[in-house]
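Undergrad: After the structure tokens below, expect a handful of questions from me.
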Amino acid sequence: METSSTNAQSGAIGILDETIVLEIARFHPEKDTEPSYDSFEVPLRSDWMVLDALNYVKDHLDGSLAYRWSCRMGICGSCGMMVNGVPRLTCETLLTSVAPGPVRIGPLDHFTVVKDLVIEMDEFMGKLQKVRPWIVRKDNYQPKREFIQTPAQLEVFKQYSLCINCMLCYAACPVFGLDPSFTGPAALALAERYNLDSRDQGAAERTDILSQHDGIWDCTVIGECSEVCPKHVDPSMAIQQYKIDATKDWFKTWLMPWGNK
Amino acid sequence: MAAHARRSNRPLGWVMFGTGGFLVAFFFPIHILLTGVLQPLGWVPTPDQHHMLTLLENPITRIYLAILLIFAFWHAGYRLRDTICDALGVRALDFPIMLVCFIGAAAGTVATLWMLLTVP
């Protein structure tokens with residue numbers, strides 16, 4: 001294993017005369033039955049994120065390391081990993097914030113690992129699709145121009161539209177960890193985003209789907225999803241708001257069955 | 001509608017849970033402060049049993065206590081159900097656990113009503 005040398009560049013911006021050890025989870029599905037951890041010593045730079053350190057490992061120490069990343073600016077949601085046991089976007093986590101190390105980096109909790117730090121996303125994508133995350137119109141209205149929406153109407157759902165599908169909330173959610181059939185925070189926040197959209201008419205359809213046992217009612221309001229969300233979407237609040245609407249709907253259904261549909 | 005039929009019945013329990021949570025969070029600290037701290041320290045006068053029974057003669061007091069305690073029991077039952085299921089990892093046993101917790105809450109409800117109705 002190589003040991004990086006930063007002294008040669010000492011004095012340049014961001015260079016510290018130190019190194020930090022990364023303990024990175026490794027798992028090869030065709031060879032391993034259990035994940036293991038490999039240690040790598042990388043330069044500790046004040047202008048590096050954890051993702052930069054992973055890229056250093058990939059470029060200089062072990063090219064076989066597998067992980068996802070893309071934008072490097074907290075937009076694409078690809079580089080979510082467990083950093084010292086906490087779900088974080090590695091492109092937004094300063095390396096110095098986890099110094100002196102060692103820093104343990106693993107794949108997101110509660111997901112099947114494809115290889116090393118790469119997780120299986122198909123199940124999550126299925127959950128997103130299940131909540132019908134698009135504008136639903138009952139009237140089959142074909143607009144000839146844009147729907148008009150006031151800033152106040154936009155403000156109602158804007159927060160829930162900021163989700164980047166990084167899945168940190170799923171890794172943080174103990175309920176999803178115990179019961180993978182739980183629809184989960186991001187998908188439920190996305191459903192609420194469309195329910196609150198003044199242009200949408202699909203709330204009843206979504207309630208039929210999301211008011212089932214594996215929908216909103218599995219959430220036990222632990223709130224870790226909102227704690228780790230890098231975009232402050234607050235999925236926990238979205239789910240509680242949804243519960244209020246679903247409860248009103250449930251009582252209406254039972255107390256006024258003739259008024260339903 | 002098939003999807004409609006599969007909807008969870010949790011809203012009923014959740015309303016009791018949410019209302020109980022609000023009442024417990026709002027009023028219990030006041031009672032604990034009064035009867036658990038200020039009265040034992042002698043900072044406020046401690047009413048004797050006669051005073052307490054006189055207070056209970058007012059139907060508003062009984063209604064207040066009934067609402068506060070009954071919703072608190074259902075709040076506890078709902079929360080205990082989730083806590084047992086998740087902490088012990090036995091979500092598969094949700095139904096019997098729910099039964100035990102909600103029967104406990106119902107027993108608390110009956111006991112509260114019986115006491116409030118029978119205290120002279």
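The values are calculated or read from the model by the stated rules, or taken from the named source; none is laboratory data. Predicted model only: the values in this text are computed from it and were never measured. Glycine gets a Cβ as well: all are built from the backbone with ideal geometry, and neighbour counts include every protein chain shown.
Undergrad: Looking at A:D208, A:D234, A:D214, which is the one that is assigned by TED's automatic domain parsing to the domain that holds A:Y160 and out of contact with any helix residue (DSSP H, G or I) (no Cβ under 9 Å at 6 or more places or on another chain)?
TA: One residue alone meets the criteria, A:D214.
Undergrad: What single numbered condition from (1) crowded, with 17+ Cβ neighbours inside 10 Å; (2) under 20 Å from the mean Cα position of the chain (by Cα) fails to hold for A:H232?
TA: (1)
Undergrad: Can you tell me which residue in region A:242-261 is farthest from the chain's Cα centre (by Cα), limited to those that are part of a helix (DSSP H, G or I) and more than 9 Å from chain B (Cβ to nearest Cβ)?
TA: A:W258
Undergrad: Shifting gears a bit: Which helices (runs of 4 or more DSSP H) does region A:80-178 wholly contain that include 2 or more residues that are away from chain B (no Cβ under 14 Å), of a type outside the set (D, E, K, R) and in contact with a Pro (Cβ under 6 Å, 6 or more places away or on another chain)?
TA: A:168-172
Undergrad: In region A:182-198, which residue that is outside any helix (DSSP H, G or I) and surrounded by 19 or more Cβ atoms within 10 Å (Cβ to Cβ) is nearest to the other protein chains (Cβ to nearest Cβ)?
TA: A:F182
Undergrad: Which members of region A:199-241 meet the condition of being within 10 Å of chain B (Cβ to nearest Cβ) and assigned to a loop (DSSP other than H, G, I, E, B)?
TA: Answer for region A:199-241, where residues must be within 10 Å of chain B (Cβ to nearest Cβ) and assigned to a loop (DSSP other than H, G, I, E, B): A:S211, A:Q212, A:H213, A:D214, A:G215, A:C219, A:T220, A:V221, A:I222.
Undergrad: Considering B:D48, B:D94, which residue is of a type outside the set (A, V, I, L, M, F, W, C) and under 24 Å from A:P174 (Cβ atoms)?
TA: Of the residues listed, the single one that is of a type outside the set (A, V, I, L, M, F, W, C) and under 24 Å from A:P174 (Cβ atoms) is B:D94.
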